[in-house]
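The values are calculated or read from the model by the stated rules, or taken from the named source; none is laboratory data. The model shown is predicted, which means the values in this text are computed figures rather than measured ones. Note that each Cβ is placed from the backbone with ideal geometry, even for glycine, and that neighbours are counted across all protein chains shown. Accessible surface is based on the protein model in full, side chains and every heavy atom, while ligands, DNA and RNA are left aside. Shrake-Rupley method; radii C 1.70, N 1.55, O 1.52, S 1.80 Å.
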Amino acid sequence: MQIGEALRTERIKLGLTQNEMSSDIVSRSFYAKVEAGKNKIAADRLFRILFLHNIDISEFNDLIQKTYNSDENNLRNDLEEKMAEAFSNKDVDSLTEYCQKIIASTSDNILKLRALVTVAYFKGDLKSIDDATKQKLKEEFDEGNNWTVRPDLLRLFANTMPLWAQDELDFWVGRLLSSVRKTKFSSLMLERYLRIFENYLVTCYDRKIRNNTHGNHVEEIIKYIIANTDT
């Protein structure tokens, strides 16, 4: 969907006229041509319109993403969605299939690593992940990569937790907890962090880690989740 089409979709959803939608940010005639795909709108004016009408930026992005993304990124996102669905359904055969497609079709090394570890985990075969692959993963969590604020590396960390020894996992979670406590971030990033912390609790539970064991962050994480959620 083009930007103009997405604006029209959101305008109709809100029950606004073109004049009301454009307000005094651009003229109605100019705005009408944007919707028709005949005019391009500057980014600052587009965002002013979106913010004026409280249009969800993430939802708007979903409407236009495939149009403006590269073919490789669209393929990657499609495969990633299918992989997540197969993960939720514990469908190992589909996970394996999508993993193979990801390896063959994308240059995104982080996504490839996530796929490999996810399939190995569901097959109960984490020992199949060789030392060279583990080293590549560790290198991604180097502080110089700013991994604690990068969505792609945060997803990688969440997916690879079962692979790490408890002391390594505790070290990285401690780094992450320290980072989020002193950094301002969006509600979307908060949701990402909370999911990671939940994964950490599940991993510790599966390993029968006691919350008073030296070095783990179980109690700190529980307190953080409670303090930062409304539900």
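Can you send over the carbon and sulfur percentage of the accessible area for the chain, probe radius 1.4 Å, protein chains only? Don't jump to the answer; show the numbers that get you there.
Values: 6730 of 13960 Å².
C and S atoms contribute 48 percent here.
Taking only Cα atoms, what is the 0 to 90° angle, nearest 10, from helix 218-227's long axis to the longest principal axis of the chain?
The helix 218-227 is inclined about 20 degrees to the chain.
With a ≥ b ≥ c the root eigenvalues of the C-alpha gyration tensor of the chain, is it rounded (a/c under 1.5), prolate (a/b larger than b/c) or oblate?
Taking the square roots of the gyration eigenvalues as a ≥ b ≥ c, the chain is prolate.
Whole number in Å², please: accessible area per residue of the range 16-103, 1.4 Å probe, ligands, DNA and RNA not counted.
64 Å²
If packing is taken as the mean number of other Cβ atoms within 10 Å per residue, what is the order of 128-135, 156-163, highest first? It would help to have the intermediate numbers written out before the result.
Details: 128-135: 11.9, 156-163: 20.2.
So the peptides 128-135, 156-163, ranked by packing, come out 156-163, 128-135.
For the chain, what does the helix formula give at 222 nm: sum of -39500 (n - 2.57) over DSSP H segments with n ≥ 4, over the residue count, nearest 500 deg cm²/dmol?
That calculation yields -21500 deg cm²/dmol at 222 nm.
Would you please state the base-10 log of I(q)/I(0) at q = 0.13, 0.20, 0.26, 0.28 1/Å for the range 154-220, with intensities from the Debye formula using one equal scatterer on every alpha carbon?
-0.34, -0.79, -1.28, -1.43
May I have the pair-distance distribution P(r) for the range 104-217, computed from all Cα-Cα distances with 5 Å bins from 0 and rounded to whole percent?
The percentages, shortest bin first, are 2, 10, 22, 24, 21, 14, 5, 1, 0, 0.
Sorted by packing (mean other beta-carbon atoms within 10 Å per residue), highest first, where do 104-114, 13-23 land?
Result, highest mean Cβ count within 10 Å first: 104-114, 13-23.
Loop-only check: which trypsin sites (Lys or Arg not before Pro) in the range 177-226 are DSSP coil with at most 16 other Cβ within 10 angstrom?
Loop-located and lightly packed - LYS182, LYS184, ARG207, LYS208, ARG210.
Principal axis extents for the range 1-102, Cα atoms only, whole Å, descending order, please.
Largest first, the range 1-102 extends 54, 23, 19 Å along its Cα principal axes.
Name all residues of the range 125-148 having a backbone nitrogen under 14 Å from the label point set 7 Å from the Cα of GLU168 along its Cα→Cβ direction, giving them as ranges.
In the range 125-148, the label zone of GLU168 (backbone N under 14 Å from the point 7 Å along Cα→Cβ) covers 126-142.
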